[in-house]
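The values are calculated or read from the model by the stated rules, or taken from the named source; none is laboratory data. All figures in this text were calculated on a predicted structure; none of them were measured in a lab. Note: ideal-geometry Cβ built from the backbone for every residue, glycine included; neighbour counts use all protein chains shown. Ligands, DNA and RNA are stripped out before the accessible areas are found, and what is left, the full protein with its side chains, is counted by its heavy atoms. Shrake-Rupley method; radii C 1.70, N 1.55, O 1.52, S 1.80 Å.
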Amino acid sequence: MIVLGIESSCDETAAAVVKNGREILSNEVISQDEVHTPYGGVVPELASRRHITAVLDVIERALEKAHVSLEEIDGIAATQGPGLIGSLLVGLSAAKAISYAKGIPLVGVHHIEGHLTAALLDEQPPSFPLVGLVASGGHTSLFSLKDSKTYQLLEQTRDDASGEAFDKGAKLLGLGFPGGQAIDEKAQTGHRDAYAFPRPALNQEGFSFSGLKTSLAQWIQKNGMPQGQVLADVSASYQEAIVDVLITKLFAAAEREGVQEVAICGGVAKNSRFRERMHEEGTKRGYQLFIPPLSLCTDNAAMIAAAGTARLAQGEKDDINLNAVATFPLFSK
């Protein structure tokens, strides 16, 4: 089965072609970083406008790179939500138009399911059950995966997501956008224990990063805007606080669930310190790790195509009335 995936939930316009749910034939992404950098974050209206101009181009690029035509496509999987409604509508509308014109089966995919599927696209697939952490700009959630399609939400953020904490922290520090990458790069030469930032909700249910962001703002107000080595130290210390929370809660959940396999995914999974700590802690604790390659951590369409393949193979199909949804729980369909 050859599936075309389309993803446009936020500020990345993406299309991919995936064979049998595992073999990525193409995975094309058109970034909007240059559009949103002057504003220090994603501007929803600008994002949707750029999707309109990019979506057909990225689909054509994905088909060309995969050396397939629309006539060879067996199904289309498109992100239905959650995300920015204006952005979602562009990708989903393109998918519905192609489906209707060519008579190709269509299925809507939950964005979080896509991220979790990306973590499972390993050369040696995991055995279930396992615990998966989705950490991105809009989501920080822990799931128990009973199998490849059965998820139970264990914990989620109560305010800011971890990726949002990175982005807002970088903005406070004047490091630019995208913030996660900026802090990661600046922290490379910093001392992680230079400043004691809090680890919010570490022993409570759910994630909370708003207090950490506030603590950084208060530090700047008290000490002034850091420069040079101090900026590197603050970046490294702030980053370590976020990573500490994610690592601690992930492995605590795995212990409670009695599993020996854990996965991380989402844009924050690109963070070099997070990946380093995952390998350190996983080895020390005896866990099997599943971490996507960097290209599958941020929003992409290969993960959407892979997630949609299983549903299409089981006969699931959405019609032309499928609509985008800005927010809805995983598997509410």
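With n ≥ 4 as the cut-off for DSSP H runs, can you work out [θ] at 222 nm for the chain, using -39500 (n - 2.57) per run divided by the number of residues, rounded to the nearest 500? Working shown, then result.
Numbers: 10 runs with 144 residues, N = 333.
It lands at -14000 deg cm²/dmol.
Given +1 on the Cβ of Lys and Arg, -1 on the Cβ of Asp and Glu, and no further charges, what dipole in debye does the range 159-242 carry about its Cα centre, rounded to the nearest 20? It would help to have the intermediate numbers written out before the result.
Values: 7 positive and 10 negative charges, 54 e Å.
Here the size comes out at about 260 debye.
With θ set to phi - 60°, apply the Karplus curve 6.51 cos²θ - 1.76 cosθ + 1.60 along the range 34-50 and write out the HN-Hα couplings as whole Hz, x wherever there is a Gly or Pro.
Once rounded to whole Hz, the list reads 5, 6, 9, 3, x, 9, x, x, 6, 9, x, 5, 5, 4, 5, 4, 5.
Non-local amide H neighbours of V109 (under 5 Å, H modeled in plane, Pro and chain starts lacking H): which ones?
A78, T79, Q80, G81
Of the options V18, T79, A47, report the single residue whose Cα projects farthest towards the positive end of the charge dipole of the range 1-97 (beta-carbon charges: Lys, Arg +1; Asp, Glu -1).
With unit charges placed on the Cβ atoms, the residue in question is T79.
Any chance you could tell me what percent of the C-alpha pair distances in the range 40-187 go past 19 Å? Write out the running numbers ahead of the final one.
Working: 7181 of 10878 pairs.
Counting pairs separated by more than 19 Å, the tail of P(r) holds 66 percent.
Go through the range 77-89 residue by residue and turn each phi into a ³J(HN,Hα) via Karplus (6.51, -1.76, 1.60, θ = phi - 60°); whole Hz please, and just put x for glycine and proline.
10, 10, 5, 8, x, x, x, 6, 4, x, 5, 4, 4
About the Cα centre of the range 176-216, how large is the charge dipole given +1 on each Lys and Arg Cβ and -1 on each Asp and Glu Cβ? Please answer in debye to the nearest 20. Intermediate results must be reported in sequence, preceding the final value.
Values: 4 positive and 4 negative charges, 18 e Å.
Approximately 80 debye in magnitude.
Read through the labelled values (i) 20.6, 67; (ii) 19.7, 63; (iii) 23.6, 76 and report the label of the one computed as Rg and Dmax of the Cα atoms in Å from the structure.
Checked against the structure: label (ii).
Over the range 28-67, give the accessible area per residue in Å² for a 1.4 Å probe, as an integer. Each step should come with its number before you reach the end.
Numbers: 2300 Å² over 40 residues.
Here the residues of the range 28-67 average 58 Å² of exposed surface.
How large is the charge dipole for the chain, taken about the Cα centre, if only the Cβ atoms of Lys, Arg (+1) and Asp, Glu (-1) carry charge, to the nearest 20 debye? Numbers along the way, then the final one.
On the way: 29 positive and 40 negative charges, 103 e Å.
Magnitude of the dipole: close to 500 debye.
Taking the solvent-accessible surface of protein heavy atoms with a 1.4 Å probe, what is the per residue accessible area of the range 135-293 in Å²? It would help to have the intermediate numbers written out before the result.
Details: 6850 Å² over 159 residues.
With the other protein chains kept in place, the range 135-293 gives 43 Å² per residue.
How large is ³J(HN,Hα) for each residue in the range 282-291, as worked out from phi by the Karplus curve 6.51 cos²θ - 1.76 cosθ + 1.60 (θ = phi - 60°), to whole Hz, x for Gly and Pro?
Going residue by residue, I get x, 5, 5, 8, x, 9, 8, 9, 10, 10 Hz, with x marking Gly and Pro.
First compute the accessible area of the range 111-246 with a 1.4 Å probe, then give the percent of it belonging to carbon and sulfur atoms. Present the calculation step by step, with values, prior to reporting the outcome.
Details: 2610 of 5700 Å².
That fraction is 46 percent.
Return one quarter of the surface area of the convex hull spanned by the alpha-carbon atoms of the range 148-220, equal to its mean projected area, in nm².
Details: hull surface 26.1 nm².
Average of the hull's projected areas for the range 148-220 equals 6.5 nm².
Give the long-range amide H neighbours of L154: residues separated by 5 or more places, or on another chain, with amide H under 5 Å away, using H modelled in the peptide plane at 1.01 Å from N.
L142, F143, S144
Projected onto the charge dipole of the chain (+1 at Lys/Arg Cβ, -1 at Asp/Glu Cβ, origin at the Cα centre), which of A306, M278, F197 gives the Cα projection farthest towards the positive end?
Of the options given, the answer is F197.
Hey, which of these cross-link pairs are over 25 Å Cα-Cα: K149/K317; K19/K317; K186/K284?
Values: K149/K317 16 Å; K19/K317 18 Å; K186/K284 28 Å.
Flagged as over cut-off: K186/K284.
Report the Cα-based extents of the range 195-289 along its three principal axes, largest first, to the nearest Å.
Largest first, the range 195-289 extends 46, 26, 22 Å along its Cα principal axes.
Could you pull the Rg and Dmax for the range 1-61, using just the Cα atoms, both in Å?
13.0, 42
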